[in-house]
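Undergrad: For reference, the structure I am asking about is given below.
The values are calculated or read from the model by the stated rules, or taken from the named source; none is laboratory data. Computed from a predicted model, the values in this text were never measured in an experiment. Counting neighbours? That spans all protein chains shown, and the Cβs are built from the backbone with ideal geometry, glycine included.
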Amino acid sequence: MNMSIASTAVAGQANADLTSETRLKLYRLMYECRVLEKRAYDLFMQNLIKGTSHLSLGQEAVAAGFGAAMRKDDYTYCTYRGHNHTYVRGVKMSQILGELMGNTAGLMRGKGGSMHLTSVEHGAMGSYAIVGAHLCIANGAAWSAQYRGTEQVSVCFFGDGTTNIGAFHEALNFAVVWKLPVVFVCENNLYMEYTPIGDVTAVEHPAAGRAGAYGLEPVIIDGNDVDVVYETAQRAFDLARSGGGPTLVEAKTYRHHGHSRADPAKYRPDEEVQEWLKRDPLPMYRTPLLDLGVPDAEIEAIEATVNDMIDQATEEAKSAPPPDSSLAFTDVWADGGSAWRN
Amino acid sequence: MDVLMPQLGETVDEGTVGPWRKKEGDSVAADEVLLEVETDKVSMEIPAPKAGRLSQILVQSGETVSVGTVLAVIQGAGENATEPKSDDDKSAKPAAASEPRKSATVTLHPAALGVSGVSMPAATADGRKLSPAVRRLVAEHNLDVERINGTGRNGRIKLADVREVIAASGSAASPPATRSVVAPAPPADQAQSANSIPFNRVRKLTAEHMVASKATSPHVLQAVEVDFSGVERARKSLKESWKAQRGYSLTYLPFIAHSVCIALQEFPNANASVGNDELLLHSTVNLAIAVDLGTDGLVAPVVHGAEKMSLAQLADAFQDLATRARNNRLKADDLSGGTYTLSNSGSFGTLITAPIINQPQVAILSTDGVRKKPIVIEHPDGDTIAIRPVGILAQSFDHRAFDGAYSASFLKRVRTLLEQTNWFREV
Amino acid sequence: MAELTYREAVAAGIAQEMRRDDSVVLIGEDIADAGGVFKTTAGLLDEFGPSRVRDTPISEQAILGATMGAAMTGLRPVAEIMFSDFFAVCWDFVANEIAKARYMTDGQVSMPLVIKSGNGGGARLGAQHSQAVENWAMAIPGVKVVAPATPADVKGLMAAAIRDPDPVLFFESKSLYSAKGDVPDSEHLVDLGKASVLRSGTDVTICALAMTVPRTLKAAEILENEHGISATVIDLRSLVPLDTQTILTETKKTGRLVTVEENPRLCGWGAEISSIVAEELFWSLDGPVTRVTTPHVPLASADNLEDLQLPSPEKIVSAVRDLVD
């Protein structure tokens, strides 16, 4: 049982001790995530991004809060909805946009695409597109950290739909039994793809409602309140680093767009959407910042800087050449090639 | 259909068009020679892939083009001159003019065979199917399948049956490096005279080479008799383990080659070529080994840098070359750069052979049969007669390059090495 | 040199690598205290301790996920999937995750891991615990596939698989676990992707793998002694990488090829080899490439039925005689 994590989080009250520097950092991270995803959306519309893409517009507080609390050498495992989670580890915007556009500016020069953003040098150990698998894989990184005694934490983000797949349950049991330094973060945005999660789940809280089965404290937080997310992350990380084992966090949030590019999200009631738009994590955080005495001009300056950043990143990504055709055949094996026979 | 610049070896990617034997507008029979192509390694004749009219020559004599370039276009009977180039599959139908057989025929992909335009039956006249390997061998040796006795189920002709026929007729596979210059089988309607055996391309090349060598170099023959007792002792005691480890037998040849390599380093004028009033010494010993491939001719693949090799490495290299020669796997590079040649007739038990120099080299050594003979052993206490394995090594040398004393000293050195080396240590 | 069983050789290979490299760790169901249900990991817990030899729940997805996560963060894990049939419950990890990570990330991620598993029939265990599934694995770009036939190869290939920087699926033949053979005591490595020519003949070339190797050798003896047919026998040892050069060279010598595989007929590994040989050696073949396989049915449990299904020396002899006549 870990009462310290649950008590703060459930109360939904931010720690008043956060410095305004931290708060501005959190705001800026969220703002960067927001413009990055918006730009990705615009580039779809211009047909510069092919395939599919799953945006996190509206869910920025989770990625930003956890990202800001992570140590540089911690590990992130995220899903196909992972642009923000990858970005907050320190990856350049152009590397993400380039990957979405399938060109050489991209993190993987077009070999992975939107659903598989990875930057090992930043601890972003991959975005996984088969629901549930990466919880088990995040365990492996946590086990490795435990074995090597490095006090690194493995942080695994996933959606509410994941809680109904077997790998989720195998991973939680395994992590608890092995007391692994892993933090599982369920972003409950109320819909598994197009279906309300409540329609297909046996318990009210898809993640927290299962925690007890694995001897874990149910932790439910307001995933749109970045202070709450940040503090919850810190507490969960402290626990993991001190050998206390895993934490399962359920962060309630909402996506402003559909599941993916192809989804206009017409299945959601208007009132619900309007309700959640009022709880948009950015304005929800900006106003208290002003109340705390941060000058409007300072916030606007940050926003202007980030707006320039995204324009520059877009230009950089757009102007990068497509991958050389030889890349189709590289890096199947450690020798760099793809030969299966002599 | 197109006539393409063929690939003349793995390391070769272009070729130079030599003389055209046909002019634009000439009619050609299938397999009739169209032109010659040269590389720095070989020269070969390109036969017409099918009968028709040589409608277009696209690359002129003297031009060098990459492999695969279209050299000419042959327009088949009934084809429109402006018709788009047909693909290989279409042209696989045998041309009427060269249709010698009753049974169905197919054309092999030339790349699979190294020969162009060979057609062969897919079954015997009575419908017994022929395996790909049988069809290929039958084509390569121009055999009549109807005359081959099939020992398989229901009379199927097995690969072994064809091999038997070939062995009985002494018709070995044509040598690989010159495979591409093998003249195509003459059309069936040009009946061969019972009393003449037309030269094939290899035979012709061999003939030309031999005449040229004799005309160029004043040949002198010198021979020494060598007592192979020491070699034989080592060979006998190692025989079985050698065979078990390496899968082939240890012969006299690597011993002789090893000794020759050592001697050549001491007598560098024998490892040389005659230039313009000068003798060009070669820095390495590239040992050519004449391999007889039956009546069709001779190849002399080369072991490069032989002087740096141990006896075992030489043996392996010979085995490799001989195997590849038999399997038609020699590359153009295997046939070039020789600086001294060994000609080995020993297995036939010959007494002495006067070999012809492999130009532009200046000497060639023939190794003949080793037989047990009574020889006189001189000893201060009195001479005795002993039975020893003895054989003759005969060298033809180019008298322009050096004189008899030099050659004799070289031969003496080879003999001493063979008789006195502790071969157990060398092997 | 010591005489070891095939099962002991598994532990010997793992132990050799655990001694030289602290990053090598072993996990699986019942592999620590119990020494493995097939006793292939006996003694490893005692020698290397519980942090390096660790039991897991019955959670094949969790096992392979942990193995992957550890491999991408600096360890060289070995995981046991008890029966290869169980790959079906964690195939996502093999096919979608482990095999593709390096490629999708443009080479950022390394995957030095080994998944060992008891494979194949002959133990009367019925259809869900007897399958030979190495052909499933070779269908996926990005995993190497090894299946040894002798104790010496088990040790050498296991060690090589652990050192290999790429993911290796190591199929242990259940029916060979008790087979004995000489195994070098000293450090022993067998290169991945090198077939072994066990016997040279002139009439036919036979490719075998794992449990079909001893059966094929037996068949070759019968062919020689009773039918005057001389066979070359190749132990492939590894399907990926595949030593096609040895297959082609040896097939060319005899002009005939028979493959003997434990996979059910459709898309077994013999099919791939047939296709390669047909494409690249067509004009040297003196007969059709012939496959001996398990028929395309689930395996039965009863002795006589399972024996009827698996490739036997008799079936191999008969296939070869049909081909050579």
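Undergrad: What residue, of A:Ala208, A:Ala171, is touching a residue at least 40 places away in the same chain (Cβ under 8 Å) and under 15 Å from A:Pro246 (Cβ atoms)?
TA: A:Ala208
Undergrad: Take the range A:235-257 and flag every residue that is in contact (Cβ under 8 Å) with a residue 60 or more places away in the chain and either in a loop (DSSP other than H, G, I, E, B) or of a type in the set (Val, Ile, Thr) (or both).
TA: Matches in the range A:235-257: A:Gly243, A:Gly244, A:Gly245, A:Pro246, A:Thr247, A:Val249, A:Thr253, A:Tyr254, A:Arg255, A:His256, A:His257.
Undergrad: Name the residues in the range A:302-342 that are at the interface with another protein chain (Cβ under 8 Å from one of its Cβ atoms), of a type in the set (A, V, I, L, M, F, W, C) and farther than 15 Å from A:Gly110 by Cβ, would you?
TA: A:Val332, A:Trp333, A:Ala334, A:Ala339, A:Trp340 - these are the residues of the range A:302-342 that are at the interface with another protein chain (Cβ under 8 Å from one of its Cβ atoms), of a type in the set (A, V, I, L, M, F, W, C) and farther than 15 Å from A:Gly110 by Cβ.
Undergrad: Still on this structure, I have one more. Identify the single condition in (1) within 10 Å of another protein chain (Cβ to nearest Cβ); (2) more than 19 Å from A:Pro323 (Cβ to Cβ) that A:Ala69 does not satisfy, given that it satisfies every other one.
TA: Among (1) within 10 Å of another protein chain (Cβ to nearest Cβ); (2) more than 19 Å from A:Pro323 (Cβ to Cβ), A:Ala69 violates only (1).
Undergrad: Can I ask one more? When only residues in the range C:230-248 that are touching a helix residue (DSSP H, G or I) at 6+ places or on another chain (Cβ under 7 Å) and surrounded by fewer than 22 Cβ atoms within 10 Å (Cβ to Cβ) count, which is nearest to C:Pro141 (Cα to Cα)?
TA: C:Thr244
Undergrad: Just one of C:Val37, C:Val53 is surrounded by fewer than 22 Cβ atoms within 10 Å (Cβ to Cβ) and of a type in the set (A, V, I, L, M, F, W, C); which is it?
TA: It is C:Val37.
Undergrad: On to the next question. Residues that are at pLDDT 95 or above, within 29 Å of A:Thr52 (Cα to Cα) and within 27 Å of the chain's Cα centre (by Cα): does the range A:288-303 have at least one?
TA: Yes.
Undergrad: Which fully enclosed helices (runs of 4 or more DSSP H) of the range C:1-118 have 2 or more residues being under 24 Å from the mean Cα position of the chain (by Cα)?
TA: Result: C:6-20, C:60-71, C:101-104.
Undergrad: Could you please find all residues in the range A:116-125 being more than 7 Å from chain C (Cβ to nearest Cβ), in contact with a Ser or Thr (Cβ under 9 Å, 6 or more places away or on another chain) and outside any loop (DSSP other than H, G, I, E, B)?
TA: A:Ser119, A:His122, A:Ala124 - these are the residues of the range A:116-125 that are more than 7 Å from chain C (Cβ to nearest Cβ), in contact with a Ser or Thr (Cβ under 9 Å, 6 or more places away or on another chain) and outside any loop (DSSP other than H, G, I, E, B).
Undergrad: To continue, here is another question. For the range B:269-338, please list each of the strands (runs of 3 or more DSSP E) lying entirely inside it that holds at least 2 residues being under 25 Å from C:Lys252 (Cβ atoms).
TA: B:287-292
Undergrad: Still on this structure, I have one more. What's the number of the condition B:Glu225 fails, among (1) acidic (Asp, Glu); (2) more than 21 Å from B:Ser343 (Cβ to Cβ); (3) outside any helix (DSSP H, G or I)?
TA: The single condition B:Glu225 does not satisfy is (2).
Undergrad: Another question about this same structure. When you go through (1) closer than 17 Å to B:Leu411 by Cα; (2) surrounded by 15 or more Cβ atoms within 10 Å (Cβ to Cβ) one by one for B:Glu225, which number turns out not to apply?
TA: All conditions are met except number (2).
Let's see how each residue does on (1) assigned to a helix (DSSP H, G or I); (2) surrounded by 20 or more Cβ atoms within 10 Å (Cβ to Cβ); (3) out of contact with any Ser or Thr (no Cβ under 8 Å at 6 or more places or on another chain):
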| residue | (1), (2), (3) |
| --- | --- |
| B:Ser366 | no, yes, no |
| B:Gly382 | no, no, yes |
| B:Val390 | no, no, yes |
| B:Leu393 | no, yes, no |
| B:Phe402 | no, yes, yes |
| B:Ala408 | yes, no, yes |
| B:Leu418 | yes, yes, no |
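Undergrad: Would you mind telling me which numbered condition in (1) more than 21 Å from C:Gly28 (Cβ to Cβ); (2) under 15 Å from the mean Cα position of the chain (by Cα); (3) surrounded by 22 or more Cβ atoms within 10 Å (Cβ to Cβ) A:Ala129 fails?
TA: Status for A:Ala129: all satisfied but (3).
Undergrad: State yes or no: is B:Val414 surrounded by 14 or more Cβ atoms within 10 Å (Cβ to Cβ) and either charged (D, E, K, R) or within 15 Å of B:Val224 (Cβ to Cβ) (or both)?
TA: yes
Undergrad: Continuing with the same structure: Consider the range C:174-201. How many of its residues are assigned to a loop (DSSP other than H, G, I, E, B) and either more than 14 Å from every other protein chain (Cβ to nearest Cβ) or on the phi < 0 side of the Ramachandran plot (or both)?
TA: Residues flagged as assigned to a loop (DSSP other than H, G, I, E, B) and either more than 14 Å from every other protein chain (Cβ to nearest Cβ) or on the phi < 0 side of the Ramachandran plot (or both) within the range C:174-201 amount to 16.
Undergrad: Need the failing condition index for C:Thr41 against (1) free of Cβ contacts under 8 Å to residues at least 12 places away in the same chain; (2) touching a helix residue (DSSP H, G or I) at 6+ places or on another chain (Cβ under 7 Å), just the number.
TA: So C:Thr41 meets the others, but not (1).
Undergrad: Restricting attention to the range C:202-219, and to residues there that are touching a residue at least 60 places away in the same chain (Cβ under 8 Å) and in a helix (DSSP H, G or I), which single residue is surrounded by the most Cβ atoms within 10 Å (Cβ to Cβ)?
TA: Ranking the qualifying residues of the range C:202-219, first place goes to C:Thr212.
Undergrad: Something else: Is the range C:80-93 home to any residue that is closer than 30 Å to A:Gly123 by Cβ, without any contact (Cβ under 8 Å) to a residue 24 or more places away in the chain and at the interface with chain A (Cβ under 9 Å from one of its Cβ atoms)?
TA: No, the range C:80-93 contains no residue that is closer than 30 Å to A:Gly123 by Cβ, without any contact (Cβ under 8 Å) to a residue 24 or more places away in the chain and at the interface with chain A (Cβ under 9 Å from one of its Cβ atoms).
Undergrad: Take the conditions closer than 24 Å to C:Ala147 by Cβ, surrounded by fewer than 23 Cβ atoms within 10 Å (Cβ to Cβ) and either in contact with a Cys (Cβ under 8 Å, 6 or more places away or on another chain) or of a type outside the set (Gly, Ala, Ser) (or both) and apply them to C:Thr251. Does it pass?
TA: It is false that C:Thr251 is closer than 24 Å to C:Ala147 by Cβ, surrounded by fewer than 23 Cβ atoms within 10 Å (Cβ to Cβ) and either in contact with a Cys (Cβ under 8 Å, 6 or more places away or on another chain) or of a type outside the set (Gly, Ala, Ser) (or both).
Undergrad: So if I check each of A:Arg89, A:Arg71, which one is at pLDDT 95 or above, within 13 Å of the chain's Cα centre (by Cα) and part of a loop (DSSP other than H, G, I, E, B)?
TA: A:Arg89
Undergrad: Checking the condition among the acidic types (Asp, Glu) and within 27 Å of the chain's Cα centre (by Cα), which residue from A:Asp324, A:Asp311 passes?
TA: A:Asp311
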